[in-house]
Amino acid sequence: MAEDFSTVQLAHGSGGRLSQQLLTELLLPVLGPPSGIVHDAARWSAPGSELAFTTDSYVVQPLFFPGGDIGRLAVFGSVNDLCMAGARPLALSLGLILEEGLQLSCLQQVIASIADACAQCGVSVITGDTKVVERGKGDGIFINTSAIGVVDHGLQIHPSSVRPGDAVLVSGDLGRHGVAILAARNQLGLRTALESDLASLQQPVQALLESGLELHCLRDLTRGGLASAVDELARASGCSMVLEDSAIPLHPTVEAACDLLGLDPLAMANEGRMVVICPESQAAQTLTVLKAFQGDAARIGTVLERSRGDGGGALQQRYPVQLRSALGVLRPLDISSSEQLPRIC
């Protein structure tokens, strides 16, 4: 009786014949390696003297969602992390944890998305690993990607470079990814045609660098959204920030969904948006570059000195970022201690 190998089996992770088939028939024909040589470690030469390295794991549910899937997310997520350090991405590692019973046709779709995203970013998968876990233990696919890139400029793009007086900008409208995932889960009956903002940030970052702009800090807005990102940057830089509530770009569907469900749109996840902090004197030029990629890019706030007084200083230590309403009223930007929506990336 012929065996049915149309789904992932535990034996696909055993190192035996099915492991070899998965590697040689499905993974390697699509992803490489470029050298054609499969070995325990990749030997690789990179230009430049300063490298950047990052790693991340992806457990999103569902695996396929409006505007993307877990494969594209895994590539763009790690590439974007490199870009936030001002690095030019060069290569990725790929770790797959597959659940027994996963349809191989599903895996093929994910691998094709990974290959397409790598081609878009100009990177290669140069090493990787595959494991299979028992049915019910893996939720289909978990992915880990590590990425390495080269820093070929002299800027220190880092929270420590943030200065009072700097401008705070965002590269586009916020919250799309979180709402798209929420709608795709269909748990609350939310119906919308909105797609995730999932995208590589490589091109806009490269355009900013090529324009000769003095970027002080970049941060992609993933889990926790804008609220978490600016709070972290304010604390890391030792500064405070004031954001203009009315200037923060939100898609009408995001606003409506968050109002309906009692969620904070500033805490909704994004996978193709970033905060840019630059000198005030270069804010207008920086915004012009960003708008060439996303018309909703906006200047949303300003970096300030952290108060040293006993009264206001204590409040700023707890809430280093404030939101100013259209009426000029300031309120602290509070960061929730819980996650609005788990398994988002």
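Do the conditions hold for Leu182, that is, is it surrounded by 23 or more Cβ atoms within 10 Å (Cβ to Cβ), among the hydrophobic types (A, V, I, L, M, F, W, C), under 17 Å from Leu73 (Cβ atoms) and out of contact with any strand residue (DSSP E or B) (no Cβ under 8 Å at 6 or more places or on another chain)? Reasoning before the result, please.
Numbers: surrounded by 23 or more Cβ atoms within 10 Å (Cβ to Cβ): yes; among the hydrophobic types (A, V, I, L, M, F, W, C): yes; under 17 Å from Leu73 (Cβ atoms): yes; out of contact with any strand residue (DSSP E or B) (no Cβ under 8 Å at 6 or more places or on another chain): yes.
In short, yes.
Looking only at residues in the stretch 209-245 that are in contact with a strand residue (DSSP E or B) (Cβ under 7 Å, 6 or more places away or on another chain), hydrophobic (A, V, I, L, M, F, W, C) and in a helix (DSSP H, G or I), which one is farthest from Leu155 (Cα to Cα)?
Filtering the stretch 209-245 down to residues in contact with a strand residue (DSSP E or B) (Cβ under 7 Å, 6 or more places away or on another chain) leaves 213-221, 225-226, 229-231, 233-234, 239-245.
From the residues that got through so far, the ones that are hydrophobic (A, V, I, L, M, F, W, C) too are 213, 215, 217-218, 221, 226, 229-230, 233-234, 239, 241-243.
Within this subset, residues satisfying the condition of being in a helix (DSSP H, G or I) are 226, 229-230, 233-234.
Values: Leu226: 24, Ala229: 21, Val230: 21, Leu233: 18, Ala234: 20 Å.
Within the stretch 209-245, the match that is farthest from Leu155 (Cα to Cα) is Leu226.
Gln206 meets each of the listed conditions (1) within 14 Å of Ala87 (Cβ to Cβ); (2) surrounded by 15 or more Cβ atoms within 10 Å (Cβ to Cβ); (3) of a type outside the set (D, E, K, R) apart from (2). With the requirement that a residue be buried (at least 19 other Cβ atoms within 10 Å of the Cβ) and on the phi < 0 side of the Ramachandran plot, what does the stretch 131-140 give you? Val132, Gly138 - these are the residues of the stretch 131-140 that are buried (at least 19 other Cβ atoms within 10 Å of the Cβ) and on the phi < 0 side of the Ramachandran plot. For the criterion of being crowded, with 17+ Cβ neighbours inside 10 Å and either within 22 Å of Phe76 (Cα to Cα) or free of Cβ contacts under 8 Å to residues at least 12 places away in the same chain (or both), Leu194 passes.
Yes/no per residue for (1) closer than 13 Å to Gly172 by Cβ; (2) among the acidic types (Asp, Glu):
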site	(1), (2)
Asp197	yes, yes
Ala207	no, no
Arg219	no, no
Gly224	no, no
Asp231	no, yes
Ser237	no, no
Val242	no, no
Ala256	no, no
Ala269	no, no
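When you scan the stretch 309-318, do you find a residue that is at pLDDT 80 or above and either surrounded by 14 or more Cβ atoms within 10 Å (Cβ to Cβ) or outside any strand (DSSP E or B) (or both), even just one? There is at least one residue in the stretch 309-318 that is at pLDDT 80 or above and either surrounded by 14 or more Cβ atoms within 10 Å (Cβ to Cβ) or outside any strand (DSSP E or B) (or both). Taking every residue in the stretch 165-184 that is assigned by TED's automatic domain parsing to the domain that holds Cys239 and pairing it with any residue that is acidic (Asp, Glu) and crowded, with 24+ Cβ neighbours inside 10 Å, at least 6 positions away or on another chain, the pairs with Cβ-Cβ distances below 6 Å are Arg176/Asp197; His177/Asp197; His177/Glu271. Condition check for Thr286 on (1) within 27 Å of Val75 (Cα to Cα); (2) at pLDDT below 95; (3) buried (at least 20 other Cβ atoms within 10 Å of the Cβ): one failure, at (2).
Restricting to the stretch 263-297, give me the number of residues that are part of a helix (DSSP H, G or I) and more than 20 Å from the chain's Cα centre (by Cα). Walk me through how you get there before you give the answer.
Start the filter on the stretch 263-297 by keeping residues that are part of a helix (DSSP H, G or I), which leaves 265-267, 280-291.
Among the residues that remain, those that are also more than 20 Å from the chain's Cα centre (by Cα) are: 280-289.
Count: 10.
Residue by residue, here is whether (1) under 21 Å from the mean Cα position of the chain (by Cα); (2) buried (at least 22 other Cβ atoms within 10 Å of the Cβ) holds:
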site: Leu104; (1), (2): no, no
site: Gly122; (1), (2): yes, no
site: Thr127; (1), (2): no, no
site: Phe142; (1), (2): yes, no
site: Ala147; (1), (2): yes, yes
site: Gly154; (1), (2): no, no
site: Ile157; (1), (2): yes, yes
site: Gly165; (1), (2): no, no
site: His177; (1), (2): yes, yes
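Within the stretch 197-213, the only residue that satisfies the criterion of being without any contact (Cβ under 8 Å) to a residue 40 or more places away in the chain and over 29 Å from Gly238 (Cβ atoms) is Glu210. A single entry from Gly86, Gly67 fulfils the requirement of being within 23 Å of Val150 (Cα to Cα) and either of a type in the set (Gly, Ala, Ser) or modelled with pLDDT under 90 (or both): Gly86.
The values are calculated or read from the model by the stated rules, or taken from the named source; none is laboratory data. Values in this document were obtained by computation on a predicted structure and should not be read as measured data. Quick reminder, even Gly has a Cβ in these numbers, built from the backbone with ideal geometry, and neighbours come from all protein chains shown.
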